[in-house]
Amino acid sequence: MAHCVVPAAEAALDVEFPVLDKGFVRLVDYLGGDPRVAQAARVSYGAGTKSPQEDAGLIDYLLRNRHTSPFEQVVLTFHVKMPIFVARQWVRHRTARLNEISGRYSTLGEECYLPGPEDVAPQSTVNKQGRSGETFSPETAEQIRQALAEGQKQAYQAYRGLLEQGVARELARISLPLSVYTEMYWQIDLHNLFHFLELRLHPHAQTEIRRYAEVLLDLVRRVAPLSAESFERHILGGVSLSREEAGEIRRRLGPEPGTPLGGKDLSRLAEKLGVSLETKSEN
């Protein structure tokens, strides 16, 4: 198969998609697309490339049944600008390759993330690692924002002062806050990118990294739209059942014990219980 060129992806190359107040995501390069996923899967049994309709069905089957290796044939490279605290969450995904700007070689710019008033919220009482769904009053939120901005300004002034005294860059940088923006080139295959997106689009993920994940997903839709659609249907909008939960469904439906559950079974159960199996919009 010839080099895979995707017109929608070509149009998005090197375009800065803004995120937060000063960040962005750029699609720098891509290798492959939906045809590459289908071709990689079919090589297992020696069949040639089929029609786009057949590709869509195959890709949907692969993703739903977690046949992941064909998706590893598609690789995307991004240039990302983000606050350091977001980058520290980002690099927890160790299945990618990255190169980040170095504060040892470069003087870091005076660019810090300042959350908007709508993102300034108290600590959640039910989620130990996140903020509440409530917000402060506009007056209180602005006071908090001003306190954050003043702290950032003082920290950067201290950083510059140390540099002017001749302190090494690698040492002076330790005075900077986690809100300072950093940049990296980040390369990852589609299978592992889907895993990243599954976690970072979850409602419990931090707001700031979710916004980057939303842009990444939009770019995946441009590179591999059939794969992205299947991901949204089966992973983002799907559910995972425990053995006990699956057993309860079988009990209510009445199939033979040990029979695998299919989509029609779940639809029948939803009809019995009067519930909807629509995809979860909050993800």
Kindly indicate the residue of segment 196-228 that is part of a helix (DSSP H, G or I) and out of contact with any helix residue (DSSP H, G or I) (no Cβ under 8 Å at 6 or more places or on another chain) and also modelled with the lowest pLDDT among those meeting that condition. LEU199
Within segment 122-153, of all residues that are over 17 Å from CYS112 (Cβ atoms) and hydrophobic (A, V, I, L, M, F, W, C), the one surrounded by the fewest Cβ atoms within 10 Å (Cβ to Cβ) is VAL126
Boolean, ASN65 is in contact (Cβ under 8 Å) with a residue 40 or more places away in the chain and not acidic (Asp, Glu): no
Contact list, first residue from segment 193-210 and touching a residue at least 12 places away in the same chain (Cβ under 8 Å), second anywhere and loosely packed, with under 15 Cβ neighbours inside 10 Å and not hydroxyl-bearing (Ser, Thr, Tyr), beta-carbon distance below 6 Å, six or more apart or interchain, is PRO203/GLU282
Does VAL275 fit the bill of being farther than 20 Å from ARG64 by Cβ and at pLDDT below 80? yes
Breaking point among (1) surrounded by 15 or more Cβ atoms within 10 Å (Cβ to Cβ); (2) of a type outside the set (Asp, Glu); (3) within 22 Å of the chain's Cα centre (by Cα); (4) under 21 Å from GLN206 (Cα atoms), for GLY116: (1)
Does ILE235 satisfy being of a type in the set (Val, Ile, Thr), surrounded by 18 or more Cβ atoms within 10 Å (Cβ to Cβ), part of a helix (DSSP H, G or I) and within 9 Å of the chain's Cα centre (by Cα)? no
What pairs come up if the first residue lies in segment 99-122 and is of a type in the set (Ser, Thr, Tyr), the second is surrounded by 13 or more Cβ atoms within 10 Å (Cβ to Cβ), and their beta carbons are under 6 Å apart, counting only those six or more places apart or on different chains? TYR113/LEU20; TYR113/PRO83; TYR113/SER179
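The values are calculated or read from the model by the stated rules, or taken from the named source; none is laboratory data. Since this is a predicted model, take the numbers as computed values, not measurements. So basically every Cβ, Gly included, is an ideal-geometry build from the backbone, and we count neighbours across all protein chains shown.
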